[in-house]
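Visitor: A single structure is presented below for examination.
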């Protein structure tokens, strides 16, 4: 038996070490796959496997699916994904169906996180699919733009950079990818990289789109930029939300006021939710005049 790398610890998952020459079998003999690596199982299936001596076909599929959905970057992720592809096509179809379901509705942040993980599973099996890498990056952008997820802003925007970079590498002529990749660089404060991506697009865009992008390019060249990278402001807002939870309303309001003082940043990011939050801070400390002044602003 090969010597295994220690698998990634996952919540609700235990790893079963199969006996030598173990095969994953099922579907009336249509599945017969030799397997030597640790098998992820949900807790009840793990206990059952210990009693029975080995896990069954359905238990293995469920465990690998749960492990990948929780952490598609875990040790043995590519091996688990390939087993699902060859031995559990119905579970692979389920992944695609769930992604579509999440796209249809207005997804909350936990659903965006799950969508990212499901897309990552698919990308393990289609490493050269630029569209998948783009979709992962775009979902990170959406997650990083949510006011309720500002504490995840740095992680989300750098995640977007990583996956859009891969998509752009695979398909450098895709206008959507180039534009969005430039947008991510802009948010991270990589303004020269944003220019390098955006300037070649001008001749390929329609009038209104070209004018909008040209305005942003000229602003970068003139130095009309946020005082700090946009991602830093998003992180600052997460600190303000934490201060609010600790009932330090004056500090929370001060942080938000500093963010809103940057007109360039505010013109490029929707601030309606932030003004509502600032109003709550003011009212919590009976600063009624200030609360009335920002009420309804966006």
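The values are calculated or read from the model by the stated rules, or taken from the named source; none is laboratory data. What you are looking at is a predicted structure, and each value in this text was computed from that prediction instead of being measured. Quick reminder, even Gly has a Cβ in these numbers, built from the backbone with ideal geometry, and neighbours come from all protein chains shown.
Visitor: So which residues in the stretch 173-192 are over 22 Å from the mean Cα position of the chain (by Cα) and without any contact (Cβ under 8 Å) to a residue 24 or more places away in the chain?
Guide: Matches in the stretch 173-192: 173, 192.
Visitor: Now, a different point. Could you tell me whether any residue of the stretch 163-172 is part of a helix (DSSP H, G or I) and within 11 Å of the chain's Cα centre (by Cα)?
Guide: Yes, the conditions are met somewhere in the stretch 163-172.
Visitor: Something else about it: Say we look at the stretch 75-98 and pick out the residues that are within 16 Å of residue 116 (Cβ to Cβ) and crowded, with 17+ Cβ neighbours inside 10 Å; which of these is modelled with the lowest pLDDT?
Guide: For the stretch 75-98, the residue satisfying everything is 95.
Visitor: Regarding the stretch 280-288, can at least one residue be identified that is exposed (fewer than 13 other Cβ atoms within 10 Å of the Cβ), over 27 Å from the mean Cα position of the chain (by Cα) and without any contact (Cβ under 8 Å) to a residue 24 or more places away in the chain?
Guide: Checked against the condition, which is being exposed (fewer than 13 other Cβ atoms within 10 Å of the Cβ), over 27 Å from the mean Cα position of the chain (by Cα) and without any contact (Cβ under 8 Å) to a residue 24 or more places away in the chain, the stretch 280-288 yields at least one hit.
Visitor: Does residue 7 count as surrounded by 15 or more Cβ atoms within 10 Å (Cβ to Cβ), touching a strand residue (DSSP E or B) at 6+ places or on another chain (Cβ under 7 Å), in contact (Cβ under 8 Å) with a residue 60 or more places away in the chain and under 16 Å from residue 69 (Cβ atoms)?
Guide: yes
Visitor: Okay, next question. Report yes if residue 102 is within 30 Å of residue 134 (Cα to Cα) and either surrounded by fewer than 17 Cβ atoms within 10 Å (Cβ to Cβ) or assigned by TED's automatic domain parsing to the domain that holds residue 140 (or both), otherwise no.
Guide: yes
Visitor: Can you name the number of the only condition in (1) more than 24 Å from the chain's Cα centre (by Cα); (2) surrounded by 13 or more Cβ atoms within 10 Å (Cβ to Cβ) that residue 237 fails?
Guide: Of (1) more than 24 Å from the chain's Cα centre (by Cα); (2) surrounded by 13 or more Cβ atoms within 10 Å (Cβ to Cβ), only one is false for residue 237: (1).
Visitor: Check residue 73 against each of (1) in a helix (DSSP H, G or I); (2) within 30 Å of residue 148 (Cβ to Cβ) and name the one condition it does not meet.
Guide: Looking at each condition in turn, residue 73 falls short on (1).
Visitor: Right, something else. Quick one: would you say residue 116 is touching a helix residue (DSSP H, G or I) at 6+ places or on another chain (Cβ under 6 Å) and over 20 Å from residue 10 (Cα atoms)?
Guide: No, not satisfied.
Visitor: Any chance the stretch 176-187 includes a residue that's out of contact with any helix residue (DSSP H, G or I) (no Cβ under 8 Å at 6 or more places or on another chain), surrounded by fewer than 15 Cβ atoms within 10 Å (Cβ to Cβ) and assigned to a helix (DSSP H, G or I)?
Guide: No, the conditions are met nowhere in the stretch 176-187.
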